[in-house]
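Student: Quick one: the structure is below, and I'll ask about it shortly.
The values are calculated or read from the model by the stated rules, or taken from the named source; none is laboratory data. Computed from a prediction, not measured in an experiment: that's the story for all the values here. Cβ atoms come from the backbone with ideal geometry, glycine included; neighbour counts cover every protein chain shown.
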């Protein structure tokens, strides 16, 4: 095993060696949310037959509450969504759709007619598919959705108090969540106070080299300079709390990560 001190001598070498973080190779998580069994079956079959999503992890939902709870816990990448299923036929508003569905997700509406796809919900959705034309429309819509997914692979959406913003993941040094409702995202030059819990962002960021070193701290391993007994020092001299019981785990994770990306 490489000597740890040598690995962390120049942690920015990882960032300087490439313009983006290493590509994340993981299955695309797809949700099918429609109350009609026949629609879910036809859509599932069409997705399986489509080469682009043939290896996707597809989960079906027949009711909106179950979908929204699962999506809040572990956001999906692409969501095929029947509005009537989610709101129980009450006419879901675009603002609710915006809040209920993680805005990093690509939302594709399932509609019975173009008239049912209102202007408001169109703003929040990536596109729509007519239920009567699933086989004809799936290929084009999915191809564009995958292209967009790859484009935003290295971006994270932040829900700020004033207005949402999108941030390059590689610019984030660490996140701190001491409040159960808010977290603070730190970059080299500034910080953002965001709505949400650390666990939600942990899901999104761990595949990009982030480490949960403390209950309240998530740090980008590319920016770690040193791991002490109870603290982590970043290359920008931030001193971060570390759970003493996680020290060995943090050392091992950083060792493995840097070995993988520096060799």
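Student: Within segment 236-243, identify whether any single residue is at pLDDT 90 or above and farther than 30 Å from residue 163 by Cα, and answer yes or no.
Tutor: Yes, segment 236-243 contains a residue that is at pLDDT 90 or above and farther than 30 Å from residue 163 by Cα.
Student: Given the criteria in contact with a helix residue (DSSP H, G or I) (Cβ under 6 Å, 6 or more places away or on another chain) and buried (at least 17 other Cβ atoms within 10 Å of the Cβ), does residue 213 qualify? Give the steps one after another, and end with the answer.
Tutor: Numbers: in contact with a helix residue (DSSP H, G or I) (Cβ under 6 Å, 6 or more places away or on another chain): yes; buried (at least 17 other Cβ atoms within 10 Å of the Cβ): yes.
Answer is yes for this residue.
Student: Please tell me if residue 76 is in contact with a strand residue (DSSP E or B) (Cβ under 6 Å, 6 or more places away or on another chain), modelled with pLDDT of 85 or more and not in a helix (DSSP H, G or I).
Tutor: yes
Student: Among the residues of segment 222-252, what is the count of those that are surrounded by 13 or more Cβ atoms within 10 Å (Cβ to Cβ) and part of a helix (DSSP H, G or I)?
Tutor: Of the residues in segment 222-252, 7 are surrounded by 13 or more Cβ atoms within 10 Å (Cβ to Cβ) and part of a helix (DSSP H, G or I).
Student: Looking only at residues in segment 253-263 that are under 16 Å from residue 220 (Cα atoms) and at pLDDT below 85, which one is surrounded by the most Cβ atoms within 10 Å (Cβ to Cβ)?
Tutor: 258
Student: Filter segment 41-54 down to the residues that are within 20 Å of residue 207 (Cβ to Cβ) and either touching a strand residue (DSSP E or B) at 6+ places or on another chain (Cβ under 6 Å) or modelled with pLDDT of 80 or more (or both) and list them by number.
Tutor: Result: no residue meets the conditions.
Rundown of residues vs (1) touching a strand residue (DSSP E or B) at 6+ places or on another chain (Cβ under 7 Å); (2) farther than 25 Å from residue 68 by Cβ; (3) at pLDDT 85 or above, yes/no style:
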site	(1), (2), (3)
170	no, yes, yes
202	yes, no, yes
207	no, no, no
211	yes, yes, yes
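Student: Let me ask another. Starting from segment 138-167, take each residue that is more than 19 Å from residue 75 (Cβ to Cβ) and list its partners that are assigned to a loop (DSSP other than H, G, I, E, B), counting only C-beta distances under 8 angstrom and pairs at least six apart or across chains.
Tutor: Close Cβ pairs (under 8 Å, with a partner that is assigned to a loop (DSSP other than H, G, I, E, B)) amount to 138/50; 139/50; 144/126.
Student: Using the structure shown, decide if residue 67 is in contact with a strand residue (DSSP E or B) (Cβ under 7 Å, 6 or more places away or on another chain), under 13 Å from residue 30 (Cβ atoms), in a strand (DSSP E or B) and modelled with pLDDT of 55 or more. Don't jump to the end; show me each part of the working.
Tutor: Numbers: in contact with a strand residue (DSSP E or B) (Cβ under 7 Å, 6 or more places away or on another chain): yes; under 13 Å from residue 30 (Cβ atoms): yes; in a strand (DSSP E or B): no; modelled with pLDDT of 55 or more: yes.
When the stated conditions are applied, residue 67 does not pass them.
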